[in-house]
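Colleague: Before I ask anything, here is the structure I am working with.
The values are calculated or read from the model by the stated rules, or taken from the named source; none is laboratory data. As the structure is a computational prediction, the values presented were derived from the model and not from experiment. All Cβ positions, glycine included, derive from the backbone under ideal geometry; neighbour counts span all protein chains shown.
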Amino acid sequence: MAGMAGRMSTVIKAKISKLLDRAEDPGETLDYSYEKQMELLQNVKKGVADVVTSKKRLQMQSQKLEQQVVKLDTQARQALSAGNEDLARAALERKTLAQSELQNLDPQIKELEAQQDQLTENEKKLRAKLEAFRTKKEVIKAQYSAAEAQVQISEAATGVGEEMADVGMAMQRAMDKTENMRARAQAVDELEKAGTFEDLTQLDSGGNDDIDRQLKELTSSSDVDAELAKMKAEVGPGSGGGPALEAGSGGGEKAGEGP
Amino acid sequence: MIVRVATEGQYRLDDGQAAKLNELDNEVVAAVDAGDEDRFRELFDQMLSLARSGSGLGEDELEESDVILPPPDLSLEEAAAEFTGEGLIPG
């Protein structure tokens, strides 16, 4: 067999026959392999917990970014009201970046949710199979007559072994995907650490030219220009008094292509 | 025959379906060789549908699969490693 079917079942069979060869008492082999499988089930549970942790982290980041979008929008309006167009532009550049990060996070959170559901389903199935194995093991042990038992043990162990290998593969794939998302979460963390979404009035005095330059590269200036023009029309330069805040206009706009 | 869709579950199919599955298997190999992503996706989906048309194995059934299909979210790159030569099923 050239394909995966061949490879996977060959490995499983090799492991099982090694186990059976070594055993003097098939009953013992069964107990041992059941114990092993139960240990592996614990790993699956841990895998599900890992996915949940990653998902929560992304959700927290997403909430934080949403708050930043609203905050930066407010700051841009305030800056425009005060006639400081440069500051307004800087705030809008940051807002655009935060929005595009948000758009990246969203599908990933959904993907993790799907992963979590699938792994939970796999875990449930595996637990049921192990339960079936446990029952069968007791039956085989009770009717123990060497040759027949050997065949039955081999069949049951192969069946449950295949299930185990399959759950292992599902776990591995989920972990690989989660790994990619970790990298994304890391990137957002670093933007935050660099003060990208910090209060602009603080940034202004802190001399963050480097961030400003990077931001200009990252954000699409045409998006920023368009939004600035729109905001100008709404706010009007130097209109005095308090900033004219349009609640709700903060998070709804498209961030365009993003970086 | 028993077919497993990796990461998903096992299905019991009529033995008569084996020929159809093998035929699709060979076509997938050709599509993968040609690097034709759309064609690969279409054929692999057909393989999955065929497997899923069978009845799912019960939770208390411990059976070895005759054929194991790769996970449904298989990429063309990954497929290149699985669908080679005679494919998943010889012949």
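The rows are residues; the columns are (1) in contact (Cβ under 8 Å) with a residue 60 or more places away in the chain; (2) in a loop (DSSP other than H, G, I, E, B); (3) among the hydrophobic types (A, V, I, L, M, F, W, C).
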position	(1), (2), (3)
A:62	no, no, no
A:88	yes, no, yes
A:131	no, no, no
A:134	yes, no, no
A:139	no, no, yes
A:153	yes, no, yes
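Colleague: Now a separate question. From (1) modelled with pLDDT under 80; (2) buried (at least 19 other Cβ atoms within 10 Å of the Cβ); (3) more than 15 Å from residue A:29 (Cα to Cα), pick out the condition that doesn't hold for residue A:156.
Modeller: Among (1) modelled with pLDDT under 80; (2) buried (at least 19 other Cβ atoms within 10 Å of the Cβ); (3) more than 15 Å from residue A:29 (Cα to Cα), the lone unmet condition for residue A:156 is (3).
Colleague: Further question on the same structure: List every residue pair whose Cβ atoms sit under 7 Å apart, with the two residues 6 or more apart in sequence or on different chains, where the first one lies in segment B:23-43 and is within 17 Å of residue B:77 (Cβ to Cβ) and the second, anywhere, is of a type in the set (Val, Ile, Thr) and surrounded by fewer than 21 Cβ atoms within 10 Å (Cβ to Cβ).
Modeller: B:29/B:84
Colleague: In segment B:66-82, how many are at the interface with chain A (Cβ under 7 Å from one of its Cβ atoms), in contact with a helix residue (DSSP H, G or I) (Cβ under 6 Å, 6 or more places away or on another chain) and at pLDDT 85 or above? Break it down stepwise before answering.
Modeller: We begin by selecting, within segment B:66-82, every residue at the interface with chain A (Cβ under 7 Å from one of its Cβ atoms); these are B:67-68, B:70-71, B:82.
When the remaining residues are screened for being in contact with a helix residue (DSSP H, G or I) (Cβ under 6 Å, 6 or more places away or on another chain), the result is B:67-68, B:70, B:82.
Retained after the next criterion (residues that are at pLDDT 85 or above): B:67-68, B:70.
Adding up the residues that qualify gives 3.
Colleague: Further, regarding this structure: So which residues in segment B:25-50 are more than 12 Å from chain A (Cβ to nearest Cβ) and either of a type in the set (Phe, Trp, Tyr) or crowded, with 17+ Cβ neighbours inside 10 Å (or both), if there are any at all?
Modeller: Taking segment B:25-50 and keeping what is more than 12 Å from chain A (Cβ to nearest Cβ), we get B:27, B:30-31, B:33-46, B:48-50.
Listed by number, the residues that qualify are B:27, B:31, B:40, B:43, B:44, B:48, B:50.
Colleague: Okay, moving on. Could you figure out which of (1) part of a loop (DSSP other than H, G, I, E, B); (2) touching a residue at least 24 places away in the same chain (Cβ under 8 Å); (3) within 14 Å of another protein chain (Cβ to nearest Cβ) isn't true of residue B:59?
Modeller: (2)
Colleague: Just name the residue that is nearest to residue A:121 (Cα to Cα) out of those in segment B:1-55 that are of a type in the set (Ser, Thr, Tyr) and at pLDDT 90 or above.
Modeller: Checked segment B:1-55; the qualifying residue nearest to residue A:121 (Cα to Cα) is B:11.
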